[in-house]
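The structure appears below as structure tokens.
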Amino acid sequence: MKKARIAAATLSLLIAGKACPVSLITADITAASAVEELTENSAEEPEYYEIAVQYSVKYAEYKDHAVAMGLSEEYVDMEEPFDIDIPDEIEGIPVTEILPEAFSLSNVQNVKLGKNIKTIGDYAFNGCSYITEIKLPADLERLGSSVFCECRGLEKVTFNDKLVSIGRKAFMNCRALTSAELPDSLVKIDENAFSGCQKLSKVRFGANIASIGAGAFNSINMTYMEIPSSVSELNGCPLLYTDYDELPDMAIRIDNSDCVLGGDRSEWKEFIIICDEGSAPAIFAEEKGIRHCTYEQYKNGKYDRRVETEYGDVFSNNTMSWCMVEGGYEVFDITMGDAEELVIPDEIDGVPVVAVSNNLSSRENNTKVKKIVIGKNVKTIWSAAFFEYPALEEVVCGEKLETIMSLAFYGCEKLQKVIFNEKLKTIEHMAFFNCTSLTDINCPGSVTSLKQGTFYLCSPDFIILPESVKYVEQSAINVSIDYESSFSNPSVIVVLNPECDFEPSSISGSRGIWILGYSGSTAEIYAKENGLLFRVLEKPKESNDMSETEDMTDETDTDRCAGDTNCDGTVDLSDVVLILQALANSDKYWLEGTDPSHLTTQGLYNGDVCYYGSGITAKDALWIQNYLLGDTESLN
């Protein structure tokens with residue numbers, strides 16, 4: 001009996017692999033039971049007929065193609081290395097795709113891929129450390145994100161002649177890879193695609209490469225790279241050298257005179273840009289203060305050599321050192337002794353302080369720092385700037401802060417509160433990794449994505465992801481156990497963008513998790529696919545008497561209706577939403593915000609239910625939510 005159609009969203013639940021959560025296995029059984037209940041009388045034509053298993057691999061068979069879903073049951077927890085062979089066809093049907101996470105973190109060793117495979121999904125072979133060689137299929141067109149990320153034994157990749165794009169971090173940290181002969185068909189290499197490939201010393205670009213993402217070749221063993229004339233734009237420096245003990249002269253040759261360069265001086269300052277006089281790259285280099293020369297000058301050694309010190313003059317006082325960078329000073333090597341508060345100054349001798357960098361060498365001198373206040377002119381907190389500060393409890397971001405780099409507050413286990421500003425755009429990988437005391441996380445409405453490990457092993461009561469967050473990477477949020485009963489006090493993750501894109505396993509943890517989002521949103525789909533509790537948020541209602549409530553005086557306290565944040569006469573989920581929106585996007589939803597349904601003075605009093613008089617926080621939203629669920633008896 002043919003089995004009726006199952007939606008593609010259901011199929012994604014059936015992915016099998018070593019990292020497959022229990023919820024996915026449960027979904028597999030549920031979906032299989034549902035299929036058995038359908039009959040030949042179904043009005044819709046069946047999309048696929050059955051799931052087939054051949055040797056170590058499980059497949060889903062459609063009418064005209066099949067996809068590799070993952071490992072068969074007996075291989076999921078196989079401890080010894082084993083081989084997989086994905087054929088050109090299954091029962092006469094071509095195998096055209098490998099699903100995301102299909103073989104992630106498994107002990108697969110030798111891999112043979114059928115010629116008909118056109119797409120390899122995100123994280124398909126992520127962390128498969130036994131793989132030493134890969135020959136890409138003849139018809140492959142797209143490599144997804146992190147496909148071979150952390151395959152640290154991978155020494156050789158044979159690229160096919162139809163490959164069009166290589167996804168983000170596709171070969172990241174493949175530390176044994178020595179060369180990459182890229183085909184002429186390749187058009188795009190996404191950011192960090194070969195980042196961390198420390199032995200990669202030879203890269204050949206094809207004739208049609210048009211886009212190379214920022215940091216595509218970070219931390220590799222190359223001191224010279226040629227960017228062909230087909231590339232019209234570089235959004236950031238594709239190379240990054242990290243061994244600062246011995247800095248050679250490194251060069252990037254750009255053959256397209258009209259190539260538009262992006263990024264700031266810090267990305268390019270270690271390099272010589274080789275380009276034509278008067279070209280767009282030359283103009284960029286001059287504006288940013290970056291060394292540049294023509295090809296003939298470079299060939300004959302007639303170019304500015306790198307000076308002995310990277311920063312030029314370095315200054316210091318009793319608490320910190322600083323040096324001149326683009327736009328002002330960068331401070332580092334901070335020493336606070338017994339002081340409990342560390343304040344990054346707005347300026348030094350009239351020069352604005354625009355960045356804070358690594359303080360690892362002076363970390364032992366900051367063991368008592370409980371609070372860090374970032375100066376108003378600081379735009380960047382560099383990697384590992386406040387790595388493992390043992391006593392740190394609170395961070396206040398300056399009003400111009402735009403970027404928090406990777407590992408910035410890694411391992412600050414007592415950090416409880418971070419006050420973000422409304423200009424923060426980027427929070428990089430593992431910025432707050434293992435901050436196990438961090439309980440309230442309110443991302444500002446200017447952040448567009450959460451990177452891998454951003455809030456990994458935190459223990460938040462609330463995380464608010466504003467409308468601006470469009471992408472959440474794998475393992476961005478992992479909630480740690482912090483209570484005797486892991487589900488007695490769940491973490492509530494509020495997703496205000498109904499179309500936010502979630503990578504597999506982007507939200508996980510050992511503590512209870514609730515996801516709050518809009519009906520039909522991607523957050524609801526993610527919650528259901530991963531066995532997480534989902535609560536529907538309603539759109540906030542507009543107040544019928546906005547002008548009157550805005551003009552209220554101290555009498556609002558006596559007229560207070562606890563919990564009725566939007567002043568519509570009832571207490572419901574729309575009151576919860578308004579609090580969250582006001583906290584996440586103050587320009588639109590706080591007092592005098594641009595949105596008609598913004599918080600009013602009366603609503604400010606009404607919504608303050610958790611420790612009345614302490615002001616509106618995410619805990620007030622949680623208190624009202626629990627009241628509506630019957631877990632809290634009163635709002636007064």
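The values are calculated or read from the model by the stated rules, or taken from the named source; none is laboratory data. None of the values given here were measured: they were computed from a predicted structure. Because the Cβ atoms are built from the backbone with ideal geometry, glycine has one as well, and the counts that use them run over all protein chains shown.
Give the residue that is surrounded by the most Cβ atoms within 10 Å (Cβ to Cβ), with candidates limited to residues of the stretch 79-92 that are within 16 Å of PRO137 (Cβ to Cβ) and over 32 Å from the mean Cα position of the chain (by Cα). Spell out how you get there, then give the answer.
Within the stretch 79-92, the first condition is being within 16 Å of PRO137 (Cβ to Cβ), and the residues that meet it are 84-90.
Filter again for over 32 Å from the mean Cα position of the chain (by Cα), leaving 85, 87-90.
On the way: ASP85: 13, PRO87: 18, ASP88: 14, GLU89: 13, ILE90: 20.
For the stretch 79-92, the residue satisfying everything is ILE90.
Return the residues of the stretch 213-236 that are closer than 20 Å to TYR298 by Cβ and assigned to a strand (DSSP E or B); say none if nothing qualifies.
Within the stretch 213-236, PHE217, TYR224, MET225, GLU226, ILE227, LEU234 meet the criteria.
Looking only at strands (runs of 3 or more DSSP E) that fall completely inside the stretch 419-529, which ones have 3 or more residues that are touching an Asp or Glu at 6+ places or on another chain (Cβ under 8 Å)?
Qualifying strands (runs of 3 or more DSSP E): 513-518.
May I ask you to list the residues in the stretch 335-347 that are within 17 Å of LYS400 (Cβ to Cβ) and either outside the structural domain of VAL396 (by TED's automatic domain parsing) or in a strand (DSSP E or B) (or both)? It would help to see each step written out before you state the result.
As a first pass, look at the stretch 335-347 and keep what is within 17 Å of LYS400 (Cβ to Cβ): 343-347.
Selection gives VAL343, GLU347.
I'd like to know if the stretch 195-202 contains one or more residues that are hydrophobic (A, V, I, L, M, F, W, C) and farther than 19 Å from ILE254 by Cβ.
So far as the stretch 195-202 goes, yes, one or more of its residues are hydrophobic (A, V, I, L, M, F, W, C) and farther than 19 Å from ILE254 by Cβ.
Quick one: which of LEU635, LEU628 is closer than 13 Å to ALA562 by Cα and outside any helix (DSSP H, G or I)?
Numbers: LEU628 fails: outside any helix (DSSP H, G or I).
Result: LEU635 is the single residue among LEU635, LEU628 that is closer than 13 Å to ALA562 by Cα and outside any helix (DSSP H, G or I).
Results for (1) at pLDDT below 95; (2) of a type in the set (D, E, K, R), shown as yes or no for each residue.
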position	(1), (2)
PHE103	no, no
ASP139	yes, yes
GLY144	yes, no
PHE148	no, no
LEU163	no, no
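Wholly within the stretch 62-120, which strands (runs of 3 or more DSSP E) include no fewer than the required count, namely at least 1 residues that are more than 18 Å from ILE51 (Cα to Cα)?
On the way: elements: 66-71, 82-86, 93-98, 108-113.
Output list reads 82-86, 108-113.
Every residue in the stretch 541-579 that is charged (D, E, K, R), in a loop (DSSP other than H, G, I, E, B) and modelled with pLDDT of 50 or more, please. Lay out the reasoning, then the answer.
If we filter the stretch 541-579 for residues that are charged (D, E, K, R), which is where we start, we get 541-542, 545, 548, 550-551, 554-555, 557, 559-560, 564, 568, 572, 575.
Those left that are additionally in a loop (DSSP other than H, G, I, E, B): 541-542, 545, 551, 557, 559-560, 564, 568, 572.
The answer is ASP559, ARG560, ASP564, ASP568, ASP572.
Would you mind telling me which numbered condition in (1) modelled with pLDDT under 85; (2) not in a loop (DSSP other than H, G, I, E, B); (3) not hydrophobic (A, V, I, L, M, F, W, C) SER614 fails?
(2)
Counting only residues that are surrounded by fewer than 18 Cβ atoms within 10 Å (Cβ to Cβ), in contact (Cβ under 8 Å) with a residue 60 or more places away in the chain and closer than 22 Å to VAL492 by Cα, how many does the stretch 559-612 have?
So the count comes out to 1.
Within the stretch 267-275, can one find any residue that is among the acidic types (Asp, Glu), over 20 Å from ARG168 (Cα atoms) and either modelled with pLDDT under 85 or crowded, with 20+ Cβ neighbours inside 10 Å (or both)?
Yes.
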